[in-house]
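Here is the structure we will look at, set down as structure tokens.
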Amino acid sequence: MVPLAAKELLDVWERGLMKGPPERALTLLVSACPDSSREALAGLNVGHRDAALLKLREWAFGREMTCNAVCEKCGQVLEMALDTSRLRHPSSDAMAPAEFLVVQGSCELRMRLPNTADLLACSGTDPAAISRLIFGRCLLSASVDGTEASADRLPEEIMQAAIEQMAKADPQANLEIDISCGACGHQWRELFDIVSFFWMEIDAWARRMLREIHVLASAYGWSETEILNLSPLRRHWYLEMQAHG
């Protein structure tokens, strides 16, 4: 995986603008991993995918992050400063198990972890049916009292137990951060979604970059490529000079 240059990041933004989160995540990885196929990257379990996106975010915007949250008790809007090191689970660099067993009473399930291909397959699916669809895709085999069983024949509690086990086996994919409200003292844990957060930053950066390109191209006649090849510091000073004549 390699860092994305400004032009590459702008291209990713353009391609992913009208896509959903799974496709945006995959588009980022495809651009940053030129030696890997789209199929291979789509097959990464979600935790490894998110760890890779966290590294890409560090390369693009640094380690410091500013996040907002709303207190679920008093409604206060909170601003939090995070370091990406806090968001990297210790197990994220370890090789995820290719499969694992879930045993509930007389049921024995052989499972794998969800990946981006599974999330893409859920696009347009009724939210209430997504869990069962993911479960069915990740179920490699199932038996009840030693007899083979299909996913649709398994009871709801067995499916929920398997989903809970998947979450424990891939903690980077279900990362929670501790939040404390300074106004009322309420404390809670909230899921952190690197895909949505990183894309929000990319979107803000891309729109700002396009405005800068417009200003500099109009003032100096430079091409988009020439402007993107400038360092951020040089772009800043050219913009300052243009603004102040």
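The values are calculated or read from the model by the stated rules, or taken from the named source; none is laboratory data. What you see is a predicted model, and the numbers here were worked out from it, not measured in a lab. Quick reminder, even Gly has a Cβ in these numbers, built from the backbone with ideal geometry, and neighbours come from all protein chains shown.
Brief remarks follow.
- Residues of region 157-175 that are touching a residue at least 24 places away in the same chain (Cβ under 8 Å) and under 16 Å from Pro97 (Cα atoms): Ala162, Ile163, Gln165, Met166, Ala169, Asp170, Pro171, Gln172, Ala173.
- Residues satisfying the stated conditions in region 124-152, i.e. among the charged types (D, E, K, R) and closer than 13 Å to Ile163 by Cβ: Arg132, Arg137
- Checking Val195 against (1) exposed (fewer than 15 other Cβ atoms within 10 Å of the Cβ); (2) modelled with pLDDT of 95 or more; (3) out of contact with any Ser or Thr (no Cβ under 8 Å at 6 or more places or on another chain), the condition it does not meet: (1)
- With a requirement of 2 or more residues that are charged (D, E, K, R) and over 24 Å from the mean Cα position of the chain (by Cα), the helices (runs of 4 or more DSSP H) lying completely within region 115-188 that satisfy it span 156-169.
- When residues of region 18-33 are limited to those that are farther than 16 Å from Ala6 by Cα and among the aliphatic types (A, V, I, L, M), the one surrounded by the fewest Cβ atoms within 10 Å (Cβ to Cβ): Met18
- Restricting attention to region 49-100, the residues being of a type in the set (S, T, N, Q), out of contact with any strand residue (DSSP E or B) (no Cβ under 9 Å at 6 or more places or on another chain), over 30 Å from Glu39 (Cβ atoms) and in a loop (DSSP other than H, G, I, E, B) number 0.
- Checking Trp199 against (1) farther than 24 Å from Lys55 by Cβ; (2) assigned to a helix (DSSP H, G or I), the condition it does not meet: (1)
- In region 202-245, residue surrounded by the most Cβ atoms within 10 Å (Cβ to Cβ) [restricted to those that are in a loop (DSSP other than H, G, I, E, B) and under 31 Å from the mean Cα position of the chain (by Cα)]: Leu230
- Inspection of region 121-132 identifies at least one residue that is surrounded by fewer than 18 Cβ atoms within 10 Å (Cβ to Cβ), touching a Lys or Arg at 6+ places or on another chain (Cβ under 8 Å), outside the structural domain of Arg38 (by TED's automatic domain parsing) and modelled with pLDDT of 90 or more.
- Any chance Leu41 is crowded, with 21+ Cβ neighbours inside 10 Å, out of contact with any Ser or Thr (no Cβ under 9 Å at 6 or more places or on another chain) and assigned to a helix (DSSP H, G or I): no
- Test: residue in region 50-60 that is over 18 Å from the mean Cα position of the chain (by Cα) and either surrounded by fewer than 17 Cβ atoms within 10 Å (Cβ to Cβ) or of a type in the set (Phe, Trp, Tyr) (or both): no
- Filtered residues of region 67-110 (kept if surrounded by 10 or more Cβ atoms within 10 Å (Cβ to Cβ) and closer than 14 Å to Phe192 by Cα): Cys67, Ala69, Val70, Met80, Leu82, Asp83, Thr84, Arg86, Leu87, Arg88, His89
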